[in-house]
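Shown next, in structure tokens, is the structure this report addresses.
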Amino acid sequence: MKLIMAVVQDKDSNRLVNALGEGDFQTTKLATTGGFLKEGNTTLMVGCKDDEVDLALKIIEDNCSHREQMVAPISPMGGNADSYIPKPVKVEVGGATVFILPIESFYQF
Ligand code: 2BA
């Protein structure tokens, strides 16, 4: 058995949970925050059999879009913040960041 942890954009999360449900996958949705953008994102926990991992990954891939987002960088350390004009930079967001962990034991009491 494996635990899939998928970090996805909030915008994609409902569609993805529905699609995984249609594929008979059970999900737990966690409200998380990305360390770089400091914005809310969603982490889904999906416990499944080893031979179901590929199907789950396909569903995740099919339901998470890539987008570009402008981000204002943090002001320079030690510089004069008054004269600093932040120049927004473009970063790619979306898609899914997926971790697959082996499950040692699984209980439901
Ligand atoms: P964030 O940390 O908010 O990152 C959002 C997006 O910003 C990243 O998308 C990436 O495109 C960009 N980014 C992140 N760090 C950067 C940097 N130092 N310089 C330039 N651009 C940077 P993803 O890579 O698709 O990651 C999406 C979210 O997945 C992340 O949100 C974070 O919550 C999670 N994540 C990604 N890699 C992770 C890891 N190794 N461990 C734990 N969580 C991870």
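The values are calculated or read from the model by the stated rules, or taken from the named source; none is laboratory data. Keep in mind it's a predicted model, so treat the numbers as computed, not measured. Don't worry about glycine lacking a Cβ; one is built from the backbone with ideal geometry, like all the others, and counts go over all protein chains shown. Remember, those area values only see protein heavy atoms, side chains included, never the ligands or the DNA or RNA. Shrake-Rupley method; radii C 1.70, N 1.55, O 1.52, S 1.80 Å.
Considered as a group, the residues in the stretch 91-109 that are loosely packed, with under 10 Cβ neighbours inside 10 Å and modelled with pLDDT of 95 or more include one that is nearest to THR32 (Cα to Cα), and that residue is PRO102. Regarding the stretch 27-38, can at least one residue be identified that is in contact with a strand residue (DSSP E or B) (Cβ under 7 Å, 6 or more places away or on another chain), within 8 Å of the ligand (Cβ to nearest atom), open to solvent by 40 Å² or more (accessible area, probe 1.4 Å) and in a loop (DSSP other than H, G, I, E, B)? Yes, the stretch 27-38 contains at least one residue that is in contact with a strand residue (DSSP E or B) (Cβ under 7 Å, 6 or more places away or on another chain), within 8 Å of the ligand (Cβ to nearest atom), open to solvent by 40 Å² or more (accessible area, probe 1.4 Å) and in a loop (DSSP other than H, G, I, E, B).
Check LEU20, LEU3, LEU57 and return the single one that is open to solvent by 50 Å² or more (accessible area, probe 1.4 Å), outside any loop (DSSP other than H, G, I, E, B), more than 13 Å from the ligand (Cβ to nearest atom) and within 25 Å of GLU104 (Cα to Cα). The conditions single out LEU57.
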